[in-house]
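Here is the structure we will look at.
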Amino acid sequence: KKRIEKELTLFAQALGEKRLLDKPSMFGLLTEYIKQDPGIYGAAFAFAPQLIEGVTVKAAPYVFRQADVFVEKDLIDNYDYTAPEQEWYATPVREGKPFWSKPYYDKGGGEAWMITYSVPIYGKEHRLLGVITSDVMIPTQ
């Protein structure tokens, strides 16, 4: 757990210093991040919702391992990650600090049993940019 916490905290700090965070570049950054540690099953960057021309825009690029390939998804295509029952997002946003989830089955994401470590990322003036995550798969056998 400590290794995951340290790696994700460093990644979060690097992202917080970037000027522009966008969905296409996040897929590449997340893939490189999980390639570095075979203990990380998947990783996401759930953008804080933004109001653009009167429309609320949400995006959560997610990359996970499947055999020898890395699969890319946008979690918002499968469920509303900002809903209160999505503890991996809601808890760090509400509490303003990192959070370890309880074990859960990630339906719509990595389709596996896992635990998730989530870190909120803030930009200038302590504005929430989003939540970065590391997923650790729980063996079922």
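One residue stands out in the range 32-49 among those that are assigned to a loop (DSSP other than H, G, I, E, B) and touching a strand residue (DSSP E or B) at 6+ places or on another chain (Cβ under 9 Å): the one that is nearest to Y105 (Cα to Cα), namely Y41.
Being open to solvent by 30 Å² or more (accessible area, probe 1.4 Å) and without any contact (Cβ under 8 Å) to a residue 12 or more places away in the chain is the filter here, so list the residues in the range 78-103 that pass it.
Our first condition is that a residue be open to solvent by 30 Å² or more (accessible area, probe 1.4 Å); within the range 78-103, this holds for 78-80, 82, 84-87, 93-100, 102-103.
Those that are open to solvent by 30 Å² or more (accessible area, probe 1.4 Å) and without any contact (Cβ under 8 Å) to a residue 12 or more places away in the chain: P84, E85, Q86, R94, E95.
For the range 51-70, state whether one or more residues are assigned to a strand (DSSP E or B), in contact (Cβ under 8 Å) with a residue 40 or more places away in the chain and under 20 Å from D37 (Cα atoms). Steps first, answer last, please.
Filtering the range 51-70 for residues assigned to a strand (DSSP E or B) gives 51-52, 55-57, 61-66, 69-70.
Applying the additional criterion that residues be in contact (Cβ under 8 Å) with a residue 40 or more places away in the chain yields 62, 64.
Narrowing the set further to residues that are under 20 Å from D37 (Cα atoms) leaves 62, 64.
Within the range 51-70, one or more residues are assigned to a strand (DSSP E or B), in contact (Cβ under 8 Å) with a residue 40 or more places away in the chain and under 20 Å from D37 (Cα atoms).
Check V55, V63 and return the single one that is modelled with pLDDT under 95, among the hydrophobic types (A, V, I, L, M, F, W, C) and out of contact with any His (no Cβ under 9 Å at 6 or more places or on another chain). Walk me through it before giving the result.
Working: V63 fails: modelled with pLDDT under 95.
The conditions single out V55.
The residues on offer are P38, P24, P49, and the sole one that is surrounded by fewer than 19 Cβ atoms within 10 Å (Cβ to Cβ), out of contact with any Phe, Trp or Tyr (no Cβ under 8 Å at 6 or more places or on another chain) and closer than 19 Å to W113 by Cα is P38.
The values are calculated or read from the model by the stated rules, or taken from the named source; none is laboratory data. Since we're looking at a predicted model, the values are computed, not measured. Cβ coordinates were reconstructed from backbone atoms using ideal geometry, including for glycine residues, and neighbour counts include every protein chain displayed. We work out accessible area using only protein heavy atoms, side chains counted, and drop any ligands, DNA or RNA first. Shrake-Rupley method; radii C 1.70, N 1.55, O 1.52, S 1.80 Å.
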